[in-house]
1. Subtract the Cα-Cα distance of residue 54 and residue 369 from 0.36 nm times their separation in residues, and report this length gain in nm to one decimal.
2. Quick one: 3J(HN,Hα) in Hz for region 136-150, Karplus 6.51/-1.76/1.60 with θ = phi - 60°, rounded, Gly and Pro as x.
3. Farthest toward the dipole's positive end in region 314-437, which of 410, 346, 333, given Cβ charges of +1 (Lys, Arg) and -1 (Asp, Glu) about the Cα centre?
4. Roughly how many debye, to the nearest 20, is the charge dipole of region 285-324 about its Cα centre, given +1 on each Lys and Arg Cβ, -1 on each Asp and Glu Cβ, and no other charges?
5. Within region 107-140, what residues put their amide N at less than 15 Å from the label point 7 Å along the Cα-to-Cβ vector of residue 240?
6. Over region 361-432, what percent of the accessible surface lies on carbon and sulfur atoms, probe 1.4 Å?
7. Roughly how many debye, to the nearest 20, is the charge dipole of region 328-391 about its Cα centre, given +1 on each Lys and Arg Cβ, -1 on each Asp and Glu Cβ, and no other charges?
8. Could you give me the ³J(HN,Hα) list for region 395-401, computed from phi with Karplus coefficients 6.51, -1.76, 1.60 and θ = phi - 60°, whole Hz, x at Gly and Pro?
Amino acid sequence: MPAQPDAVQPDPQSGPQSDPQLFTWEFAADPYPAYAWLREHAPVHRTTLPSGVEAWLVTRYADARQALADGRLSKNPAHHSEQAHRTGRVGIPGERQADLMTHLLNIDPPDHTRLRRLVSKAFTPRRVAEFEPRVQQLTDRLIDGFAQRGSADLIHEFAFPLPIYAICDLLGVPAEDQDDFRDWAGMMIRHGGGQRGGVGRAVKRMRSYLLELIHRKRADLGDDLISGLIRASDHGEHLTENEAAAMAFILLFAGFETTVNLIGNGTYALLRNPEQRRLLQESVVRGETALLETGIEELLRYDGPVEMATWRFATRSLTIGGVEIPVGDPVLVVLAAADRDPARFSEENTLDLARSDNPHLGFGHGIHYCIGAPLARLEGRSALATLLSRLPDLRLAESPENLRWRGGLIMRGLRELPVEFTPESRSPHVAPEGATR
């Protein structure tokens, strides 16, 4: 794909007058007018993706909920009628070559039920609550790295490393190895604008490391998620070594990029909506939590981190929104379009942090609802509240039209978010081990 031009701030009140151009860099910068057109004129729309794969886009809220919960839509790429999945044009780049396909995003019941039950123990409300002090510690210490400077790129210096180190802690990756994960993850999220070969190498390195770590942990089990997967395997759950590595891989991949974009997109939306930002900032300073909690949900709806749900494939003919989907066809549910459907959300293009009726689809719906959603919410709340309280005059250092968005189908996020603020006189924390780069 050509280099991405400068992005423009979305103008959700305008829209294309004819069939919109999809998957251009201009579309990546602001997809919402095109999605509004599709919702009205072609809510279940067959299109050719940049990879050459043909797929159906589902853009209305009611249709999206149906599709996300429909058992006739399989997550297993083996049901694809084309051969595209063999060349890595569907799914996560590099996962097939690295033998990491057996994870929650690519399997159906009963295997999905079995693996989800094992992993869900790491994301119970109690376990996530116990992890909150560590997330706050990481949040503060990352901000310490730039707070006295008066400027930062909030993507690379904050939104990106925070979930990487958090999920590494949860998995049980030793502190001395976490910067390697940060490097590999950085290669993976840059694939929209670079060579996919680099992504494949990063995925293979990650798989090799995870297999080695599983071997090491067998001799010294801890209270981390990988140790939990090993214990389950040793006690009759029949979790293979490849399944354990694939599970750790997808938790890292899905767990960090979603949160990167939640923090980045959310901060950007607040900076572009100063009255809403002021209300939230005042609420945080007063020590209140209600507006922060509803605000995270609204930011997930308004410009969420996941633009399209991951791939689904029709195992038999079905009808969505009055359109027949043939057997074997891929279906992509457009969460970003569904979450701005005026048939479900009033003032759908307005950011309202106090919105109470907000059953957004930002984390999906049905049996594949994001298992790491509680952790992502925790990290989002910690990041935004701490930024607003410690850096109260935070502001964009670039005009919105100079910001660039990453390409790619599934995720939606900024490449960088340069900001300025009054420097702190001193930072009371010490940089966390493994978080000094």
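1. The span from residue 54 to residue 369 would gain 110.9 nm if fully extended.
2. Once rounded to whole Hz, the list reads 5, 4, 4, 4, 4, 6, 5, 5, 4, x, 9, 4, 7, 8, x.
3. Farthest along the dipole direction, towards plus: 410.
4. 240 debye
5. 107-108, 111-112, 115
6. That share works out to 54 percent.
7. Taking the Cα centre of region 328-391 as origin, the dipole is about 340 debye.
8. Listing the rounded values in order: 8, 5, 9, 10, 5, x, 5 Hz.
The values are calculated or read from the model by the stated rules, or taken from the named source; none is laboratory data. This one's a predicted model, so the numbers in the text were calculated from it and none came from an experiment. Cβ: placed from backbone, ideal geometry, glycine included. Neighbour counts: every protein chain shown. Only protein heavy atoms, including side chains, enter the accessible area calculation; ligands, DNA and RNA are left aside. Shrake-Rupley method; radii C 1.70, N 1.55, O 1.52, S 1.80 Å.
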